[in-house]
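In what follows, a structure is listed as structure tokens, so that the remarks can point back to it.
The values are calculated or read from the model by the stated rules, or taken from the named source; none is laboratory data. Since the structure is predicted, the reported quantities are computational estimates derived from the model, not experimental observations. A quick note on method: Cβ atoms are made from the backbone with ideal geometry, for glycine too, and the neighbour counts reach across all protein chains shown.
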């Protein structure tokens, strides 16, 4: 990256600074529409489908994906694309047609909130607390990455880079809430797509198109046709075996990601209508189709251009350095920064939502006997955003020292996918699931996931053991939830009203009850 | 602190893998042997089957359900059509690159 830095021209710096100013302007513009906590957390439920879809994609694709994803494609080939292809569809359809209508009509704002209503407060608080720790750690980590990036591009010290990013993101997230986050995401997606599309076109041009790239790479020593295959055999040492891709990624991990990830779901719940929420989710599936083309194919082209890179992660920086002219290089860096900021703002907003809805609201209600007011909720949300951002910024330099901690965070983030999906499915579709069943399924499932992650490739044939861990932890959590539920008394019918799928979607009496619940009656 | 934490994590991971790894490996191995013996064509069948099932399932949903909240009832608002249009390119890509 240092080589790239030295070749930035004045026009590149101008583009980067203009882009930052533009994000700030658009973000703060939406502050005028924020008057209540509903405006802040759910954008006043006014988001159109196209903004939701674009925001979901850009929140999902971070700067890490741009660099390490293309690096992984450089090393392993097109199989890397499974994470955005079979790892998105059919999950977005399940999210759009099963979970979104349910959350929408049940008036659920957060995933822990559902767990609390359906199971018990302990499940809600445990899930919310752990989720918060990981989301804050994730924001810290992304701020650190931003500091590294700004250090390389503009020569700023890491501390300056962290606080400048924090101030820019903080200003529009604090003032404009979810609407500002989503609308800046739209701008960031456009910038990201233009930058990466330029890289795709120029890199493919350089290697003689897809067939030229294929011929060049296959002529390299020890290279096989598998580099251009999406589905690879199930066997010892295979990084991405088809079984893991289809059964774990395609069925469990992706579904858990799209229906249980607060940062993803929150955008859809801010939709102006249920149709927009569903359409936004499906629209995101269309954009996800393009991500491997824009991010991973350039990584593969880098392999054709220079097969001897010191590290696969140098693929994109090398292409930027060698192929892009002045101006486009600045745009590419703006795209990289866009990917970073869009992830930071999304996770920050979701952190505050989870904290307010699932932790503070419970304490407030216990002591005062009433729900937090709309205006108080707005100011609490803003204050918490500042506090979380300052905390995450202060903790960000830690990630410069702990390489193992960074890896641990990535692994720990995946701990919840299988167990969360299991308790969500059981809670929504099975009336007999009980509070203790859900609590046991979630906690024991997370414990098993942690344990299996430690064992890793000493048990599973692939070096990407998490693929199997997510699959088995899902089934384990589901079985535990069922067994413990059957061994404990059934929940009273009144508690389940408005929380079981068929009722929520079809019963008008239940709808009236849900509205009353949302109003705190 | 950094060194101490790293050393603890490394020791914990190594010990756990030595103690429990072999036993669980023996449990998982028969499944790996069976799956490893399947032709890669089964992978293509499984992936395309997943997309096809999703496509069929979407068309079992009622039109009134997928149109709730739509600003008007024009045919292009039917999200089942959207879902199908999204699924088709994925299926083509897997058909071409999954073999």
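Return yes or no: is residue A:356 free of Cβ contacts under 8 Å to residues at least 60 places away in the same chain, assigned to a helix (DSSP H, G or I) and more than 25 Å from residue A:225 (Cα to Cα)?
Taking the combined requirement at face value, the residue does not satisfy it.
Please determine whether any residue of segment B:22-39 is in contact with a helix residue (DSSP H, G or I) (Cβ under 8 Å, 6 or more places away or on another chain) and exposed (fewer than 14 other Cβ atoms within 10 Å of the Cβ). Yes, that holds for at least one residue. Say whether the condition of being part of a helix (DSSP H, G or I), touching a helix residue (DSSP H, G or I) at 6+ places or on another chain (Cβ under 8 Å) and either modelled with pLDDT under 95 or within 18 Å of residue A:115 (Cβ to Cβ) (or both) is met by at least one residue in segment A:483-491. Within segment A:483-491, one or more residues are part of a helix (DSSP H, G or I), touching a helix residue (DSSP H, G or I) at 6+ places or on another chain (Cβ under 8 Å) and either modelled with pLDDT under 95 or within 18 Å of residue A:115 (Cβ to Cβ) (or both). Among helices (runs of 4 or more DSSP H) entirely within segment A:272-348, having at least 3 residues that are more than 19 Å from residue A:47 (Cβ to Cβ) singles out A:297-305, A:315-323. The set of residues in segment B:59-74 being within 8 Å of chain A (Cβ to nearest Cβ) and either closer than 17 Å to residue A:501 by Cβ or assigned to a helix (DSSP H, G or I) (or both) consists of B:61, B:65, B:66, B:68. Of the helices (runs of 4 or more DSSP H) lying entirely inside segment A:401-467, those carrying at least 3 residues that are buried (at least 19 other Cβ atoms within 10 Å of the Cβ), at pLDDT 90 or above and more than 14 Å from chain B (Cβ to nearest Cβ) are A:417-429, A:435-455. Checking each residue in segment A:191-228 for being within 14 Å of another protein chain (Cβ to nearest Cβ), surrounded by 15 or more Cβ atoms within 10 Å (Cβ to Cβ) and within 19 Å of residue A:298 (Cβ to Cβ) picks out A:213, A:214, A:227, A:228. Of everything in segment A:164-173, what is surrounded by 20 or more Cβ atoms within 10 Å (Cβ to Cβ) and under 15 Å from residue A:392 (Cα atoms)? Give them in sequence order. A:165, A:166, A:168, A:169, A:170, A:173, listed by residue number. The condition of being surrounded by 20 or more Cβ atoms within 10 Å (Cβ to Cβ) and away from every other protein chain (no Cβ under 11 Å) holds for only one of A:259, A:246, that being A:259. If you scan segment A:415-443, which residues turn out to be under 30 Å from residue A:236 (Cβ atoms) and either free of Cβ contacts under 8 Å to residues at least 60 places away in the same chain or touching a strand residue (DSSP E or B) at 6+ places or on another chain (Cβ under 6 Å) (or both)? A:415, A:419, A:422, listed by residue number.
Name the one entry in A:148, A:174, A:201 that is assigned to a helix (DSSP H, G or I), at pLDDT below 85, over 17 Å from residue A:386 (Cα atoms) and over 19 Å from the mean Cα position of the chain (by Cα). Even if it seems obvious, please write down each step before you answer.
Details: A:174 fails: over 17 Å from residue A:386 (Cα atoms); A:201 fails: at pLDDT below 85.
So the residue among A:148, A:174, A:201 that is assigned to a helix (DSSP H, G or I), at pLDDT below 85, over 17 Å from residue A:386 (Cα atoms) and over 19 Å from the mean Cα position of the chain (by Cα) is A:148.
From the list A:326, A:310, A:301, A:338, the lone residue that is crowded, with 24+ Cβ neighbours inside 10 Å and more than 22 Å from the chain's Cα centre (by Cα) is A:301. A Cβ distance below 7 Å, combined with a sequence gap of six or more or placement on separate chains, defines the contacts here; from segment B:22-49, residues that are more than 9 Å from chain A (Cβ to nearest Cβ) reach residues that are part of a helix (DSSP H, G or I) and surrounded by 13 or more Cβ atoms within 10 Å (Cβ to Cβ) in the pairs B:48/B:91; B:48/B:94; B:48/B:95. Note on segment A:269-281: residues that are within 11 Å of another protein chain (Cβ to nearest Cβ) and buried (at least 23 other Cβ atoms within 10 Å of the Cβ) amount to 7.
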